[in-house]
Amino acid sequence: MDNTISVYTDGACSGNPGPGGWGAIISNNGTETVLSGFEADTTNNRMELTAVIQGLLALKETTLPVTLYTDSQYIVNANNLHWLDNWQVKGWMNASKKPVANRDLWEQIIALNAKYHPVYVWVKGHSSNEYNNRCDALAVQAIQNNKNIRF
């Protein structure tokens, strides 16, 4: 019996900005939950962040440790190098003294971090990590499935 929930996430964008998709796979004791979604006009970073949010929102078990895998160094560094803490202390300004992009999504991640305390792990994208490759395929497929929709 595995005592950790693994959440794998990835986002994609066709153009930046442009139509975007995200994918997440939750692995819990041999059971997988596969999620994906689409946004018509977004950025790659927003899709990466959305994948994390949706993956964590889908968790049903809150007592087991959570490990979240992403190929976004931006997300891993924001969490592991305490960028999130620094941004909040500095009134949501980054090191360049500019407003932090995607604050709305980062605030959701902060709330989910407080609930699940995930450990963030970086994986190399488009490489040998099966789950990351599957999440990427989910994100790209979400874009392909919706590319002809007019908003």
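Residues that are part of a strand (DSSP E or B), buried (at least 18 other Cβ atoms within 10 Å of the Cβ) and in contact (Cβ under 8 Å) with a residue 60 or more places away in the chain occur in segment 59-68; there is at least one.
Yes or no, residue by residue, for (1) of a type in the set (S, T, N, Q); (2) modelled with pLDDT of 95 or more; (3) within 13 Å of the chain's Cα centre (by Cα); (4) assigned to a helix (DSSP H, G or I):
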site	(1), (2), (3), (4)
49	no, yes, yes, yes
78	no, yes, yes, yes
88	yes, yes, no, yes
106	no, yes, yes, yes
110	no, yes, yes, yes
127	yes, no, no, no
134	no, yes, no, yes
139	no, yes, yes, yes
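Of all residues assigned to segment 49-67, at least one qualifies as being closer than 15 Å to residue 122 by Cβ and among the polar types (S, T, N, Q).
The values are calculated or read from the model by the stated rules, or taken from the named source; none is laboratory data. No experiment lies behind these values; they were computed from the predicted model shown. With ideal geometry, Cβ positions are generated from the backbone for all residues, glycine too; neighbour counts draw on all protein chains shown.
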